[in-house]
1. Does the range 122-218 come out rounded, prolate or oblate by the C-alpha gyration tensor, with a ≥ b ≥ c the root eigenvalues, rounded set by a/c under 1.5 and, if not, prolate when a/b is larger than b/c and oblate if not?
2. Apply the Karplus curve 6.51 cos²θ - 1.76 cosθ + 1.60, θ = phi - 60°, to the phi angles in the range 137-144 and return the couplings in whole Hz, x for Gly and Pro.
3. Sorting Thr77, Thr131 on the 10 Å Cβ count, fewest up front, what's the list?
4. Mind scanning Lys132/Lys189; Lys129/Lys189; Lys122/Lys189; Lys52/Lys132; Lys129/Lys196 and naming the pairs with a C-alpha gap bigger than 21 Å?
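Just so it is clear, none of the values below were taken in a lab; they were calculated from the coordinates. Quick caveat: nothing in here was measured; it's all calculated off a predicted structure. Using ideal geometry, Cβ is built from the backbone for each residue, glycine included, and neighbour counts are taken over all protein chains shown.
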Amino acid sequence: MQIKISFLLTIEKECGSLTDDLEIIRQQFAEQVGETSNQWVGRQVHDLRKAKRMSLKQLSEAANLSIGLLSQIERGTSSPSLRSLRAISDAVGVSPVWFFNDGKVPPPDERDVVVRKGAGRKLNLPHKKLTKDLVTPDLSGSLQMLIVNIEPGGSTGGETYWHPGEECGFVLEGELELWVGERHFHLYKGDSFRFKSNLPHRSYNPGKKMAHIIWVTSPPFY
């Protein structure tokens with residue numbers, strides 16, 4: 001599913017055309033989770049906006065979409081175009097593929113509690129040589145857990161960044177260099193960390209193999 005959606009996004013970017021294939025994919029997944037496609041996408045938009053602590057007005061300005069349209073999308077009463085989804089995803093900092101979970105569909109009685117192996121969303125950031133697996137069920141809680149996988153030489157970026165909240169983590173495999181404020185740490189398998197997210201921070205894999213880190217953020221960042 002992810003490959004097909006990515007292809008459609010490329011087609012629209014290059015040709016400016018929309019396609020009914022997106023609606024077919026959206027309907028197929030929505031049927032599996034027991035919601036209409038509009039309800040499913042609307043809930044994802046709402047949860048992402050809340051996780052980013054953005055008001056409808058702020059998202060409207062960032063995505064260049066009207067408040068009325070965004071409100072209708074979140075309530076599931078309007079079907080967003082592919083172009084609108086791209087604008088929303090750019091505004092909140094995720095891939096448009098986020099709106100279509102390509103993992104295993106959880107049964108209704110597990111959906112808000114459990115994430116089975118291989119069923120979480122994945123954020124691919126090839127320009128940073130890292131991926132992030134979301135292993136909490138959704139963005140509605142006060143914290144978010146991810147498995148961050150960083151290739152040798154990969155990093156969160158050359159510049160530090162900061163935002164409200166708190167983070168902690170545990171190095172499962174490999175090495176991790178971590179900058180927090182004016183301090184620098186070299187972490188190895190079995191090491192852990194915690195810091196206030198309003199301190200400038202960044203991380204880097206200096207090793208020769210993949211680094212895998214359990215990373216928890218509060219509030220959710222994605």
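1. Rounded.
2. Listing the rounded values in order: x, 7, 9, 7, x, 8, 9, 9 Hz.
3. Arranged by neighbour count, lowest to highest, Thr77, Thr131 become Thr77, Thr131.
4. Beyond 21 Å: Lys122/Lys189; Lys129/Lys196.
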